[in-house]
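A.B. asks: Quick one: this structure, given as structure tokens, is what I'll be asking you about.
The values are calculated or read from the model by the stated rules, or taken from the named source; none is laboratory data. Computed from a prediction, not measured in an experiment: that's the story for all the values here. A quick note on method: Cβ atoms are made from the backbone with ideal geometry, for glycine too, and the neighbour counts reach across all protein chains shown.
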């Protein structure tokens with residue numbers, strides 16, 4: 001309720017999604033963001049400035065074809081990092097500072113352009129230990145570590161997939177951190193061995209020598225990849241449903 005009130009005061013549109021409890025092997029339970037909401041949130045974050053405020057722990061299962069595991073899931077914070085502002089709010093008293101932090105982030109430009117590694121869908125681009133990409137030295141270290149020997153201006157991820165900037169094919173106009181990217185910007189991703197591309201809502205198989213287009217919002221299209229699972233096929237992912245706006249602050253809450 002307090003988040004709704006602050007959003008109304010700032011004239012911000014809010015949407016709410018609920019995590020779902022999913023049982024896995026060994027009796028473990030995971031609090032997961034539903035795949036259609038993960039897709040809607042990630043795509044929305046590339047089309048409008050977005051802040052996420054979580055009121056509980058939440059994870060995203062990247063490969064929707066298998067039961068959740070610690071290795072196969074990422075935290076919601078990690079999933080949206082560099083694309084959204086993120087705050088974990090556990091008490092009403094924390095909401096004011098969370099909104100101040102979110103508004104500061106939303107007013108800044110947090111990306112330098114299409115060559116900035118923060119443009120990458122980092123749940124798909126496989127890495128080892130990730131340096132701090134908000135730091136310029138961290139971005140330089142990232143580019144040095146993943147510079148491709150197969151492409152003069154490309155990157156090679158930890159799954160030996162080569163990411164080279166492709167010629168624009170769509171009319172999508174996306175942004176990352178407030179930095180508008182060229183229309184249709186994407187990477188041509190080539191596989192040097194058989195590989196799986198898992199986004200959190202769909203799953204693709206790419207054979208050795210094949211290629212596919214991947215966009216900053218993790219849209220996978222074209223090329224020779226074969227989709228094997230799509231959790232959103234029956235319910236296309238859109239912006240999460242908007243919650244009703246508060247009509248004003250209630251005293252004593």
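A.B. asks: Take the residues in segment 212-228 that are within 17 Å of residue 120 (Cα to Cα) and part of a strand (DSSP E or B), then tell me which one is farthest from the chain's Cα centre (by Cα).
C.D. replies: 212
A.B. asks: So which residues in segment 36-76 are part of a helix (DSSP H, G or I), out of contact with any helix residue (DSSP H, G or I) (no Cβ under 8 Å at 6 or more places or on another chain) and buried (at least 22 other Cβ atoms within 10 Å of the Cβ)?
C.D. replies: 37, 39, 40, 76
A.B. asks: Of the residues 125, 99, 142, which is at pLDDT below 95 and surrounded by 18 or more Cβ atoms within 10 Å (Cβ to Cβ)?
C.D. replies: From the options 125, 99, 142, the qualifying one is 99.
A.B. asks: Please count how many residues of segment 207-233 are crowded, with 16+ Cβ neighbours inside 10 Å, within 19 Å of residue 151 (Cα to Cα) and without any contact (Cβ under 8 Å) to a residue 40 or more places away in the chain.
C.D. replies: 4
A.B. asks: Report, by residue number, each residue of segment 85-96 that is in contact (Cβ under 8 Å) with a residue 40 or more places away in the chain and either in contact with a strand residue (DSSP E or B) (Cβ under 8 Å, 6 or more places away or on another chain) or surrounded by 16 or more Cβ atoms within 10 Å (Cβ to Cβ) (or both).
C.D. replies: Residues satisfying the conditions are 89, 95.
A.B. asks: Checking residue 112 against (1) within 26 Å of residue 142 (Cβ to Cβ); (2) assigned to a loop (DSSP other than H, G, I, E, B); (3) at pLDDT below 95: exactly one of these is not met. Which one?
C.D. replies: Evaluating residue 112 over (1) within 26 Å of residue 142 (Cβ to Cβ); (2) assigned to a loop (DSSP other than H, G, I, E, B); (3) at pLDDT below 95 leaves (3) as the failure.
A.B. asks: Same structure again: Being part of a helix (DSSP H, G or I) and more than 18 Å from residue 59 (Cα to Cα) is the filter here, so list the residues in segment 1-25 that pass it.
C.D. replies: 2, 3, 4, 5, 6, 7, 8, 9
A.B. asks: Restricting to segment 17-46, name every residue that is over 28 Å from residue 205 (Cβ atoms), in contact with a strand residue (DSSP E or B) (Cβ under 8 Å, 6 or more places away or on another chain) and in contact (Cβ under 8 Å) with a residue 24 or more places away in the chain.
C.D. replies: The answer is 19, 31.
A.B. asks: Could you please find all residues in segment 147-157 being modelled with pLDDT under 95 and either surrounded by 15 or more Cβ atoms within 10 Å (Cβ to Cβ) or in contact with a helix residue (DSSP H, G or I) (Cβ under 8 Å, 6 or more places away or on another chain) (or both)?
C.D. replies: 148, 151, 154
A.B. asks: Checking residue 12 against (1) more than 30 Å from residue 172 (Cα to Cα); (2) without any contact (Cβ under 8 Å) to a residue 40 or more places away in the chain; (3) surrounded by 14 or more Cβ atoms within 10 Å (Cβ to Cβ), only one condition comes out false. Which one?
C.D. replies: (1)
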